[in-house]
Amino acid sequence: MSLPFLVFLLAWLVGMVCTFIPAVPATLIIFLGSVAAALLDGFQAGRDLPFLLVFGVITLFIMSIDNVASAWGARKYGGGKEAMWGALVGGLLGIFIPLGLIVGPLAGALVAELVFARRPFQDALRSAWGTLVGLLAGIAAKVVLHLIVGLYELWRLWDPARSIFG
């Protein structure tokens, strides 16, 4: 394993874990790991630039998935922007409690719909559920895309002849 391989592997593993933590730019961490690996590997424009440009576009796409998926879920189930903001705040607060990454967004969206949007409980619960469905769908999509990009980059960087271990 070469140093660029190990640097990317570390960034990718950190990014994969951070995928489940709201408001942490996991995709950006993985992308920056690719950039660092390309630079450590002696950046070659013909080989590295096309990959980094495509990965950069994919990074922007993946980073927008959370917002689009949460908005889709909230709208599909009748919620508003209050539910989306509540889900974000609840997700951030949920980091500190067991199962908080699931319960936090649901509770945050529910409270926001009840308190700020002044919706009836049944409607607020429905939109909170939609926000959670969207959030989970977004996380699932990000995990799949992070796996695909990460495995491809690891395959691209793999060169047993350049192992730092001898």
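The values are calculated or read from the model by the stated rules, or taken from the named source; none is laboratory data. Note that the structure is a prediction, hence the values are computed from the model and not measured. Note that each Cβ is placed from the backbone with ideal geometry, even for glycine, and that neighbours are counted across all protein chains shown. These accessible areas exclude ligands, DNA and RNA; they are computed on the full protein's heavy atoms, side chains included. Shrake-Rupley method; radii C 1.70, N 1.55, O 1.52, S 1.80 Å.
Annotations
- No other residue among 107, 112 is open to solvent by less than 40 Å² (accessible area, probe 1.4 Å) and either under 16 Å from residue 74 (Cβ atoms) or touching a residue at least 60 places away in the same chain (Cβ under 8 Å) (or both) apart from 112.
- With respect to the stated conditions, residue 100 fails to be closer than 30 Å to residue 150 by Cα and surrounded by 19 or more Cβ atoms within 10 Å (Cβ to Cβ).
- Residue selected from segment 24-38 under the condition over 15 Å from the mean Cα position of the chain (by Cα) and surrounded by fewer than 20 Cβ atoms within 10 Å (Cβ to Cβ), by the criterion farthest from residue 144 (Cα to Cα): 36
- Search result, residues across segment 121-166 that are modelled with pLDDT under 90 and of a type in the set (Asp, Glu): 159
- Of the criteria (1) more than 30 Å from residue 9 (Cβ to Cβ); (2) over 15 Å from the mean Cα position of the chain (by Cα), which one residue 134 fails: (2)
- Candidates 26, 71, 37, 107, filtered to the one that is modelled with pLDDT of 80 or more, of a type in the set (A, V, I, L, M) and farther than 30 Å from residue 159 by Cα: 107
- Looking only at residues of segment 58-84 that are free of Cβ contacts under 8 Å to residues at least 40 places away in the same chain and in contact with a Phe, Trp or Tyr (Cβ under 8 Å, 6 or more places away or on another chain), we find that the one that is most open to solvent (accessible area, probe 1.4 Å) is 82.
- Considering (1) part of a helix (DSSP H, G or I); (2) open to solvent by 80 Å² or more (accessible area, probe 1.4 Å), the lone condition that residue 118 does not fulfil carries the number (1).
- Condition check for residue 33: part of a helix (DSSP H, G or I), in contact (Cβ under 8 Å) with a residue 12 or more places away in the chain and among the small types (Gly, Ala, Ser): yes
- Among the residues of segment 141-166, those that are within 18 Å of residue 43 (Cα to Cα) and among the aromatic types (Phe, Trp, Tyr) comprise 152, 155, 158.
- Residues of segment 1-23 satisfying the condition of being surrounded by 17 or more Cβ atoms within 10 Å (Cβ to Cβ) and under 19 Å from residue 162 (Cβ atoms): 2, 4, 5, 7, 8, 9, 11, 12
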